[in-house]
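A quick write-up on the structure given underneath.
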Amino acid sequence: MDKFVIKGGPRLQGEIPIGGSKNSALPALAAALLTDEPVTLRRIPRVRDIRTMQRLLVDIGSQAEVDGETIRLHTPRIVSSEAPYELVKTMRASSLVLGPLVARTGRARVSLPGGCAIGARPINLHLLGLEQLGARIQQAHGYIEAEAPDGLRGATIHFDRITVTGTEDLIMAAVLARGETLLRNAAREPEVADLCALLSKMGAQIEGAGTSTIHIRGVEMLHGADHTIIADRIEAGTFLIAGAITGGDLKIVDCVPEHVGALVAKLLQAGAEITQTDASSVQICVPKRLRSVDVTTEEYPGFATDLQAQYLALMTQAQGIAMLVETIFENRFMHAQEMARMGANIRLEGRQAIVAGPSELTGAGVIASDLRGSAALVLAALAARGETVIDRVYHIDRGYEKIEAKLARVGAQIRRVE
Ligand code: EPU
């Protein structure tokens, strides 16, 4: 298992380019199942979750050609409508094939994801929505079986709570359903809008993408398309915080500044100097110690839960007391205990973390437990005195492409050891 060895201290300076969004690429890959024509997807990040999804699609019947960051998927025929436990247990987003499979073949068998490091993460809302679209859902032997032999039909679906992949799954089901579908309390994340942009190029009729009410008029078939995935806002946010925590001067390029608006607002309040240098870059400069600022995670356009861990690392270095409230997942503070081993002063109370800063962090051996929590440990290590060894970095490799190379290029002392 690979480890990162990080020597803290250097101020990061220079430019970091952002790659395509993992959480946008995953549903886009699944969407390719909706047509028997080739779909070309560009700016696909080379991370482990993408390779997992690609394996699943090949099992299902897709031919995949990869050329750098471009994947061409062609699925003339579905050979298996199943997402097996072996893949779903390593990546919950595998459930994104549920909607496309039922829409295209009238049948899907998808393993139920088990527990997860950050919370229970059920898929009940995906299933309820599919039932409303006319699918019959049964559960047996750890699998969900969905059947709609006569095809799906449009319906009005009101989500009990906002779910990102749930919204995506049901959009993909509804685009080929007979009649009209109205999704209310839908997720407004940029990744949902990006999926809708791809589906529209494939011939789907969708209105309201990026808002909480999405209107879909079902069509008989979809065709091939060529689409470039949006920039990864969580990668961009992680590097903005890397600039801040090292008191550095970093330019984050090839990103969508608006997508990190909630984080930028907090960093400005904390005292960082941030300028949007052009339509796709943001510069952060932190010449003096930051002030602590509270954060509550929310659905987009609120503060992303996927940046909470990294922000917690930053608050260990800010002056004062910050309260972080996690409202999306019930167990997303595993990184706090590891940071405490490095000297952070964090008290956990249910879904709240109270951080008193600044504390002097010292390098230690720590263990990565989930994707964003591990990225937060990298950030804490950049600010720590001495050497930190982070074990199990395969969690980071699920969602960050070459994070160590990108950080090293702007001055971080980080290396991967096998
Ligand atoms: N929920 C339900 N029932 C459902 C679906 C969700 O109760 O059927 C609950 C969840 O348990 C959670 C909340 O609703 O408490 C929101 O979950 P959501 O469904 O929005 O999460 P997700 O779609 O499984 C995506 C991202 C996550 C990100 C969340 C929240 C992908 C592939 N994953 O997950 O990304 O944290 O939205 O923004 O898009 C990551 O990249 O590290 C990551 C975990």
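FYI, it's all coordinate maths here, none of it is from the lab. These figures come from a predicted structure and were not determined experimentally. Positions of Cβ are backbone-derived with ideal geometry, glycine not excepted, and every protein chain shown enters the neighbour counts.
Expressed as a whole percent, how much of the Cα-Cα distance distribution for the stretch 128-228 exceeds 21 Å? Before the final figure, lay out the partial values.
Details: 1606 of 5050 pairs.
Roughly 32 percent, rounded to a whole number.
When the helix-only estimate is applied to the chain (DSSP H runs of n ≥ 4, each -39,500 (n - 2.57), divided by the residue count), what is the mean residue ellipticity at 222 nm, nearest 500 deg cm²/dmol? Don't skip to the end; give the middle numbers.
Numbers: 14 runs with 130 residues, N = 418.
Using -39500 (n - 2.57) per qualifying helix, the result is -9000 deg cm²/dmol.
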Checklist entry - So how do 272-278, 376-382, 354-360, 173-179 stack up, highest first, on mean other-Cβ count within 10 Å? => result 376-382, 173-179, 354-360, 272-278
Item to check | Net dipole in debye of the chain [+1 Lys, Arg Cβ; -1 Asp, Glu Cβ; about Cα centre; nearest 20] | outcome: 760
Item to check | Label point distance in nm, HIS215-ARG46, each placed 7 Å from Cα along Cα→Cβ | outcome: 4.4
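Loop-only GluC sites (Glu not before Pro) in the stretch 165-247, please: DSSP not H, G, I, E or B, and at most 14 other Cβ atoms within 10 Å.
Numbers: sites: GLU168, GLU180, GLU191, GLU207, GLU220, GLU235; in loops: GLU220.
Qualifying residues, ordered by number: GLU220.
Once you have a ≥ b ≥ c as the square roots of the Cα gyration tensor eigenvalues for the stretch 281-408, tell me rounded if a/c is under 1.5, and otherwise prolate or oblate according to whether a/b is larger than b/c.
On the way: a/c = 1.21, a/b = 1.11, b/c = 1.09.
Verdict is rounded for the stretch 281-408.
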Next on the checklist: Shape verdict for the stretch 187-245, please, from the Cα gyration tensor: rounded (a/c under 1.5), prolate (a/b greater than b/c) or oblate.
Outcome noted: oblate
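What do you get for trypsin sites (Lys or Arg not before Pro) in the stretch 60-122 restricted to DSSP loop and a cutoff of at most 12 other Cβ within 10 Å of the site's Cβ? Write down the numbers at each step before the final one.
Numbers: sites: ARG72, ARG77, LYS89, ARG92, ARG104, ARG107, ARG109; in loops: ARG77, LYS89.
In loop regions of the stretch 60-122 (DSSP not H, G, I, E or B), the sparsely surrounded trypsin sites (Lys or Arg not before Pro) are ARG77.
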Checklist entry - In which sequence would SER374, SER369 go, from the one with the fewest C-beta neighbours within 10 Å to the one with the most? => result SER369, SER374
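Translational diffusion coefficient of the stretch 167-305 at 20 °C, 1.002 mPa s, Stokes-Einstein with Kirkwood Rh over Cα pairs, in µm²/s as a whole number.
128
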Item to check | Rough spin-label spacing in nm, given labels placed 7 Å along Cα→Cβ, for HIS141 and VAL79 | outcome: 2.1
Checklist entry - Rounded to the nearest 20 Debye, what is the dipole magnitude of the stretch 91-248 about its Cα centre when Lys and Arg each give +1 and Asp and Glu each give -1 at the C-beta? => result 260
Checklist entry - Which three extents, in whole angstrom, do the alpha-carbon atoms of the chain cover along their principal axes, largest first? => result 63, 42, 39
Checklist entry - What full-extension length gain, to one decimal in nm, is calculated for CYS285 and LEU348 as 0.36 nm per residue of separation minus the Cα-Cα distance? => result 19.6 nm
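At 0.36 nm per residue, minus the direct Cα-Cα distance, what do GLN205 and GLU273 gain on full extension? Give it in nm, one decimal, please.
On the way: separation 68, 0.36 × 68 = 24.48 nm, distance 4.23 nm.
Separation in residues times 0.36 nm, less the Cα-Cα distance, equals 20.2 nm.
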Checklist entry - Where in the stretch 240-279 is the amide nitrogen less than 19 Å from a point lying 7 Å along the Cα-to-Cβ axis of ASP294? => result 262-271
Checklist entry - Cross-link partners among lysines for LYS288, C-alpha distance below 25 Å, same-chain residues fewer than 8 apart left out? => result LYS7, LYS251, LYS266, LYS406
Next on the checklist: Taking 30 Å as R0, compute the FRET efficiency from the Cβ-Cβ separation of ALA405 and GLN63 and round it to 0.05.
Outcome noted: 0.45
Next on the checklist: For the stretch 301-339 and the stretch 1-66, what is the centre-to-centre distance using only Cα atoms, to the nearest Å?
Outcome noted: 25
Next on the checklist: If I model a spin label at GLU86 and ARG161 as a point 7 Å from the Cα along the Cα→Cβ vector, what separation in nanometres do I get?
Outcome noted: 3.3
Checklist outcome for this item: Dividing the alpha-carbon radius of gyration of the stretch 252-324 by 2.2 N^0.38 Å, where N counts its residues, gives 1.08
